[in-house]
Structures are given as structure tokens and as C-alpha cells.
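See structure below.
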Amino acid sequence: MIHVFVGPTLPGYPPQLAASGIRVRPPAGHGDLFDPTIRSGDTVLLVDGVFHQAPALRHKEILAAMARSVTVMGAASIGALRAAELAPLGMIGVGRIYDGYARGEIVGDDEVAVGQAPDGSFDALTWPLVNLRHLLRLARSAGVIEDERAGRLLAAWRAVYYPQRTWAAVRAVCRRRGEDKFARWLAERLDEDRYFGDLKRADALAAVRAALDGPAPTRIRSAPPGWQTGYFRDWSNAFARQRVDGLELATEDRLVYQQVFDPAFRARWADYLEHRSRHPAGTGPGLPLAERLGRVTGGGLSADQVFHPPVDLRDETSVALLLAGESAQDRRAVARYAQVLAAERRARPAFTVAAIDDDLTRRLLQRVWRCPADGFDAEASARGLMHGPRAVAAAKRLVPGLLEEIRETGERRETASGTR
């Protein structure tokens, strides 16, 4: 399967994108390459990506896709820039814009950036600088403008902020610079062919053809040591999802629900620590947990207080261990809590999970865990949440749903009391 992330560079989806084996996706954003439908052996063609109105796709997300044997190509827009940056690690670039970035002839995201329609149509409302640069090359070849004047005109266009670089602004700059001849020539060419000089479009279509033909082999080097940082693991976990019992659920939500509500989760976490001790992620030897603990401490501390291995929610064995006690009723509760949280966000645009009161969350956790204040940190540690503050931060996503549940339970009790 070829996954093509594209938007304003190829508006209206030309016929080439209807070819068998192509799945067209909107411009790529943060998390899109974690999609489980992008499988080993697939090809990702990155053309367009969001970066202003939403979090952008990170470089390490591309590295992660390549690490699981996904071929990643880039062209025309942000894809060309990322391909030039990651070519030494195996990302494949296609087209003249990619070549310009790779050779250092063009630099900066603003060279390919465009403003786009807010209605979801992904139509470009402005002109990218790479296209204007290409048009000046064509005009010089046609004898319409001289090199020195073309350079001044390009500099003037570059000075216009990219979301304001409309066709009207392009013509206005031409008038101020006394380049009416060039403006008339360009208008005539565009009347004949609306895609005249659209280098981004030409490169994108070339990349689609290259993806369909099968990309040329490339030498893939290993990513630098330590590239999977804590930030990357957090992103990866945040986008891990599974469809279970007909419900599309975030795996992280399911885990936190178990950590908070499952009375037996302390044993689940102990099983996970044993598994990680016997099967460490690094290059060290596997050891029984008790032996490893004895080497680190002379006693007096429990394993959960000493070892805090990161959890990879894309690892099936880890997920199976940690969610071993999950029931269908738990999954329905996770879905219900997620719906309450989503409703809260819709009702209050300024709402953030982080802004939920720390003390309220802590009191709710103590109520659920039935633990005194001086035992809160120990209980959080035994449930794999490391310590009290980390438990509070993780559990905040559950607070709106839990409060609604408490309120509904109280109302049911009052109703039952009133009908005796």
C-alpha cells in the first residue's frame, strides 16, 4: 500500500492518485505515521504537512516508520525538505525541489509554505516561493526579464509573509518594482494553463509515479544511538490505539484506567517488572527480578521503588501483561470516560487536562485506593505510576468521567431513597 499525504500541492486529487494501491491522506501532522494501518513493507509518500495550525510531523516519527520497514519518500513541499534532512538515514527524495534542498540552493520551510482554505478543501490560497523562483527562471529563458531584475523581484516576494503571498500580492509587488511586462506575461501563461510553472505539482506527480514504479533502493543507515528519547516514547504511547469489542480505544487510557481502578494492578505491575528484568530492552543480561534487585540494593526497598522501566504500548507482550485483568466492562468505562472528556473540551474551548486541579485529583485517587495521605506515594509506585505527582498527572484524564459517575451515583441514591 502507498500512503500519500497530500493537500494543497495537488488540489482536487488528479487521476494519478486514483491508481490501485494508493491511499490518499490529508497533509501529515504529528502522530499520523503511528497509524497502525501503515504496515511493514508499505510506502509513505510525504508531500504536504501541517505546521502552523496544528502540531507538525516530527523527524523521529519518520525514523520510527523507517525502523519498522516502511519506505518513506518525500517530494514537492515539506516532504522534500524532510527528505533532504533525513536522506543520510534512508528517506528518499524526489524532484527538483528536493534536489534544491539537498544541494543547499534553497533553505527554509517558508520556501514551500502556503496558506490554505480553512474549509477542509486544502486549496492553496497563496503562492510558494519555490514556484515563484521557478517562474522567474522560465521568464529569463523566454527573454521576459533579466537576471538582476529577477533577483530583486524574488527578494521582494520573499519579504512578503507566506500567508499573505496571494496572486494579488504577487502582482502588487510587480507593479511596485516596475515589472508590468513580467506580470502580463505570467497572467497570459496562466490563462493558457492554470498549472503553468507549478513546480510543486510537477514534483508531486513525479513522486507518485516513482512510488508506483517502486522506489530505487537506498542505503539505509542506523539511526543515531539514543534517538528514541522519552519524548518519542510519550508520542508513541499517546497515539497507540486498538479496536476492541467494537470500540476504538487509546491504549494509554486503558492502562491508566487499570492503574487507577484495578485493585489487583499491583500484581500486574510486579509481573511486568519481572518480564522486563528477564527480557531487558537493552543489551544487558536477563535476570530474575529478585536477583537484579539484590544486586542493586541490600533490601528494604521494593522492586517498584527501584526500577522504573518505560512502557512501550506498541509492544504486544507488554500490553498483554499490563491489561491482563481488563474486562469488557472496563473497556466500556474507558470509552465513556473518553466521551465525557471530549464533551468537556467541546463545551469549554480553553479547557486542558493539565489544568484540572491537582488537589482534587489526589483526593479522588486516595478515595479510590482507600489509602491515607502518607501512603499515597507508595501506592502510586506499586501501581507503576512512580510517585504521587506522576499519578496525579496521569489520572487527570479520568477526573471528568469519575466526577460524572460520582454525581450520577449520588442522584440514583437520592431517587431510590425518595421512592421507599
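The values are calculated or read from the model by the stated rules, or taken from the named source; none is laboratory data. Small disclaimer: the values here were computed from a predicted structure and weren't measured. Reconstructed Cβ throughout: ideal geometry from the backbone, glycine too, with neighbour counts over all protein chains shown.
Within the range 101-116, the set of residues being over 22 Å from Pro163 (Cβ atoms) and in contact (Cβ under 8 Å) with a residue 12 or more places away in the chain comprises Ala102 only. Taken together, Glu179, Glu192 contain a single residue that is surrounded by fewer than 13 Cβ atoms within 10 Å (Cβ to Cβ) and not polar (S, T, N, Q), which is Glu192. The set of residues from the range 147-185 being touching a residue at least 12 places away in the same chain (Cβ under 8 Å), aromatic (Phe, Trp, Tyr) and within 13 Å of Thr126 (Cβ to Cβ) comprises Trp157, Tyr162, Trp167. Of all residues in the range 274-301, those satisfying the criterion of being of a type in the set (Gly, Ala, Ser) and surrounded by fewer than 16 Cβ atoms within 10 Å (Cβ to Cβ) are Ala281, Gly282, Gly284, Gly286, Ala290, Gly294, Gly298, Gly299, Gly300. For the range 236-264, give me each residue that is closer than 13 Å to Ala333 by Cα and of a type outside the set (A, V, I, L, M, F, W, C). Asp245, Glu248, Asp253, Arg254, Tyr257, Gln258, Asp262, listed by residue number. In the set (1) in contact (Cβ under 8 Å) with a residue 60 or more places away in the chain; (2) outside the structural domain of Gly401 (by TED's automatic domain parsing); (3) among the aliphatic types (A, V, I, L, M), Leu289 fails one condition alone, (1). Considering the range 70-156, the qualifying helices (runs of 4 or more DSSP H), each wholly inside and each with 3 or more residues that are assigned by TED's automatic domain parsing to the domain that holds Leu190, run over 129-141.
Within the range 24-57, being in contact with a His (Cβ under 9 Å, 6 or more places away or on another chain), over 18 Å from Gly108 (Cβ atoms) and assigned to a loop (DSSP other than H, G, I, E, B) holds for Asp35, Thr37, Ile38, Asp42, Ala54, Pro55. Mind checking which residues of the range 246-260 are touching a residue at least 24 places away in the same chain (Cβ under 8 Å) and either of a type in the set (D, E, K, R) or under 13 Å from Ala382 (Cα atoms) (or both)? Within the range 246-260, Glu252, Asp253, Arg254, Gln258, Gln259, Val260 meet the criteria. In the range 327-351, the residues that are free of Cβ contacts under 8 Å to residues at least 60 places away in the same chain reach residues that are not hydrophobic (A, V, I, L, M, F, W, C) with C-beta atoms within less than 6 angstrom, at least six apart or across chains, in these pairs: Glu344/Pro400; Phe351/Glu344; Phe351/Arg345. Exactly one residue out of Asp253, Asp234, Asp262 is among the acidic types (Asp, Glu) and modelled with pLDDT under 90, and it is Asp234.
Taking the criterion of being in a helix (DSSP H, G or I), in contact with a Phe, Trp or Tyr (Cβ under 9 Å, 6 or more places away or on another chain) and free of Cβ contacts under 8 Å to residues at least 40 places away in the same chain, no residue of the range 304-316 qualifies.
If the condition is being touching a helix residue (DSSP H, G or I) at 6+ places or on another chain (Cβ under 8 Å) and closer than 13 Å to Ala76 by Cβ, then the range 96-115 contributes Arg96, Ile97, Tyr98, Gly100, Tyr101, Ile106, Glu111, Val112, Ala113, Val114.
Under the condition of being aliphatic (A, V, I, L, M) and out of contact with any helix residue (DSSP H, G or I) (no Cβ under 6 Å at 6 or more places or on another chain), the residues counted in the range 140-153 number 2.
For first residues located in the range 10-27 and assigned by TED's automatic domain parsing to the domain that holds Asp42 and of a type in the set (A, V, I, L, M), partners that are surrounded by fewer than 17 Cβ atoms within 10 Å (Cβ to Cβ) and part of a loop (DSSP other than H, G, I, E, B) and lie 6+ apart or on another chain with Cβ distances below 9 Å form the pairs Ile22/Met1; Val24/Tyr13.
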